[in-house]
Amino acid sequence: MTTKTLELDCRFCSQVAKANGQDPIGSAGTYDHWIIAEIPQPWPTTIWKEHPIVAPVMAIVQSLREQGISVRPLMIAPDRNASHPDKTRLFYYRRPTHHFATFDKQEFILPTADVVPLVTALLQQPDHLPQFEAYRQPTDHIRELFVCVHGNVDVACSRFGYPIYQHLNKTYAVEWKRDSLPPPSPHLPTSPPPHLPPPRLALFPLWRAQLCPHPD
């Protein structure tokens with residue numbers, strides 16, 4: 001069998017699973033802290049070592065991991081409709097207790113030069129947080145969905161993720177009313193959550209699911 005034939009016959013594992021009637025399943029790491037920041041593209045393979053924001057954030061994350069503190073950093077591509085060209089949007093999610101239902105969320109839109117100091121304050125120096133209060137966004141009523149569409153890490157993300165992102169962005173990223181249909185679940189976009197919808201749903205393309213080379 002030739003390489004060309006193999007390419008033509010190749011199918012995504014999700015397609016094979018669906019054809020066999022298997023229920024969808026996924027996995028996710030367990031972390032106490034999430035730092036999610038807008039980083040404009042392009043993203044070279046050396047970004048985690050050389051980028052003026054990514055490199056120092058990774059140094060902070062590595063230092064905390066060595067202390068047994070689990071932190072997950074992610075990059076998201078700026079959204080052309082929601083992002084600010086001269087500022088950076090940053091999300092911080094924190095596990096409030098050992099047993100919990102939702103992460104505590106904080107969102108900031110701030111000058112790019114202040115991103116690393118903010119991350120330092122969030123993760124290491126909470127006494128410095130008041131100086132960033134002016135950048136905090138009143139978005140507790142908004143639920144974010146981050147959809148991976150970056151094919152360099154997983155080709156299925158570009159093949160299936162982008163159409164999903166387009167559909168969700170067109171269908172659900174709007175103002176919600178109390179009598180509207182529930183928005184999609186953050187874990188399975190086609191299933192409704194067991195609670196009333198929030199006032200608004202925000203969507204951001206997750207172009208790369210990590211700040212360092214894939215462990216595999």
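The values are calculated or read from the model by the stated rules, or taken from the named source; none is laboratory data. Note that this is a predicted model, so its numbers are computed, not measured. Glycine gets a Cβ as well: all are built from the backbone with ideal geometry, and neighbour counts include every protein chain shown.
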Report task. Restricting attention to region 115-137, report how many residues are acidic (Asp, Glu) and part of a loop (DSSP other than H, G, I, E, B). Result -> 0
Requested in this report: Find all pairs meeting these conditions: Cβ atoms under 6 angstrom apart; at least six residues apart or on different chains; first residue within region 38-57 and assigned by TED's automatic domain parsing to the domain that holds Asp79; second residue of a type in the set (Phe, Trp, Tyr).
Outcome: Val54/Trp48
Query raised in the report: Restricting attention to region 20-39, which residues are surrounded by 10 or more Cβ atoms within 10 Å (Cβ to Cβ) and either of a type in the set (A, V, I, L, M, F, W, C) or at pLDDT 90 or above (or both)?
Result: Tyr31, Asp32, His33, Trp34, Ile35, Ile36, Ala37, Glu38, Ile39
Query raised in the report: If only one of Trp48, Trp43 is part of a helix (DSSP H, G or I), at pLDDT below 95 and surrounded by 13 or more Cβ atoms within 10 Å (Cβ to Cβ), which one is it?
Result: Trp48
Query raised in the report: For the subset of region 64-82 comprising residues that are farther than 14 Å from Gln41 by Cα and without any contact (Cβ under 8 Å) to a residue 24 or more places away in the chain, which member is surrounded by the most Cβ atoms within 10 Å (Cβ to Cβ)?
Result: Arg65
Report summary line: In region 152-171, residues that are more than 15 Å from Ser14 (Cα to Cα), outside any helix (DSSP H, G or I) and not hydrophobic (A, V, I, L, M, F, W, C) total 1
